[in-house]
Amino acid sequence: MVLEIISVCLKRNKRIIFDNFNLKINKSQIMILIGDNGVGKTSLLDLVAGILPPEKGTIKINNKSIINLNSDKRKIFTYLPHKDALKENLTIEENLKIWSSISFEKFSYKKLQSIFDYFHLKNIKQNLVGNLSQGQRKKVSLTKLLLTNTKLWLLDEPFNGLDSNSVKKTKKLIENHLMNGGSTLLTNHINLNLKNSKKTFLVDPTNNLANKKH
């Protein structure tokens, strides 16, 4: 089992976001969390990443509690939040160089240069991130996935702000990850046509429909 969420409860400001939530992801599987803003999609990813503590319940990655992962997290999963963690005063190349250097045991400049063409960033790699459009920033963030060896990806709204061609490339990137034995948990507002994917619909728990699976 790559990821297992067992009877998890999350409260924010004394309000139950979700309760008794269960989810399992196996090797070579994609799970898509679908729901409107405020139903807990991002919060659930934050729980898995260890950023938020659950009110109750257990979260395991590779059969090991996330509480015990500590510094091993970077080697086990990659989390790309909805709000990118890019440094605006640095160039695209500088941002990705930093990411690459902390994601790999040995930094490879050759490897870094080889991935700029995937999202057509080669001609603007010396541009400051602060001068980029939202779509360009999203593509820079997604390029990080080409510079990691982790088997579990946590992606918060990875398709937001992308043009249709970049959406197709992102889908292909995720599907290739699956073909190579990887697993992905991602959030989205609508259903997606991704190969070998399963869906979990998150809705307002006050409607008594929370955690409905399809």
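The values are calculated or read from the model by the stated rules, or taken from the named source; none is laboratory data. No experiment lies behind these values; they were computed from the predicted model shown. Quick reminder, even Gly has a Cβ in these numbers, built from the backbone with ideal geometry, and neighbours come from all protein chains shown. The protein model used for the area step is the full one, side chains on, heavy atoms only, and it has no ligands, DNA or RNA in it. Shrake-Rupley method; radii C 1.70, N 1.55, O 1.52, S 1.80 Å.
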Scattering curve values for the range 1-56, log₁₀ I(q)/I(0), Debye with Cα scatterers, q = 0.16, 0.17, 0.31 Å⁻¹ | -0.48, -0.55, -1.47
Selection from LEU86, GLN134, LEU194 lying farthest towards where the dipole of the chain points positive, charges on Cβ | LEU194
Based on the mean of other beta carbon atoms within 10 Å per residue, what is the order of 124-130, 143-149, 172-178, most packed first?
-> 143-149, 172-178, 124-130
How would you classify the range 105-159 from its alpha-carbon gyration tensor, with a ≥ b ≥ c the square roots of the eigenvalues: rounded for a/c under 1.5, else prolate if a/b is greater than b/c, otherwise oblate?
-> oblate
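Which FRET efficiency value, to the nearest 0.05, is calculated for GLU94 and LEU52 with the Förster distance at 35 angstrom and r the Cβ-Cβ distance?
With R0 = 35 Å, the Cβ-Cβ based efficiency is 0.70.
Where nothing but the Cβ of Lys and Arg (+1) and of Asp and Glu (-1) is charged, how large is the charge dipole of the range 34-127 around its Cα centre, in debye to the nearest 20?
The calculation lands at about 380 debye.
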Might you report the magnitude of the Cβ-based charge dipole of the chain about its Cα centre, with Lys and Arg at +1 and Asp and Glu at -1, to the nearest 20 debye?
-> 420 debye
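Relative contact order of the chain: what whole-number percent is it, with Cα pairs under 8 angstrom and at least 6 residues apart? Numbers along the way, then the final one.
Numbers: 389 pairs, mean separation 64.4, N = 214.
In percent, rounded to a whole number, it is 30.
Is the range 107-197 rounded, prolate or oblate when judged by the Cα gyration tensor, a ≥ b ≥ c being the square roots of its eigenvalues, rounded requiring a/c under 1.5 and prolate requiring a/b larger than b/c?
In terms of gyration-tensor shape, oblate.
In terms of the Cα gyration tensor, with a ≥ b ≥ c the square roots of its eigenvalues, is the chain rounded because a/c is under 1.5, prolate because a/b exceeds b/c, or oblate?
Here the chain falls in the prolate category.
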Once amide H atoms are placed 1.01 Å from N in the peptide plane, what residues at a sequence separation of 5 or more from ASN20, or on another chain, have their amide H within under 5 Å of its amide H?
-> VAL8, CYS9
For the range 57-168, the spread of Cα positions along each principal axis, largest first, Å | 44, 31, 26
Mean ellipticity per residue at 222 nm, deg cm²/dmol - from DSSP H runs of n ≥ 4 across the chain, formula -39500 (n - 2.57) = -7500 deg cm²/dmol
Considering the options PHE77, GLY57, GLY182, tell which one lies farthest towards the positive end of the dipole of the chain, charges being +1 on Lys and Arg and -1 on Asp and Glu at the Cβ, about the Cα centre.
-> GLY182
Hey, what angle do you get for helix 92-103 against the long axis of the chain, alpha-carbon based, 0 to 90 degrees rounded to 10?
-> 60 degrees
Label-point separation in nm, ILE76 to ARG12, each point 7 Å along Cα→Cβ | 2.4 nm
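Report the gain in length on full extension from LYS111 to SER164: 0.36 nm times residue separation, minus Cα-Cα distance, nm rounded to one decimal.
Using 0.36 nm per residue and subtracting the Cα-Cα distance, I get 16.4 nm.
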Counting only protein heavy atoms and rolling a 1.4 Å probe, one gets per residue an accessible area for the chain in Å² of 53 Å²
Once you charge only the Cβ atoms, +1 for Lys and Arg and -1 for Asp and Glu, what is the size of the charge dipole of the range 72-130 about its Cα centre, to the nearest 20 debye?
-> 180 debye
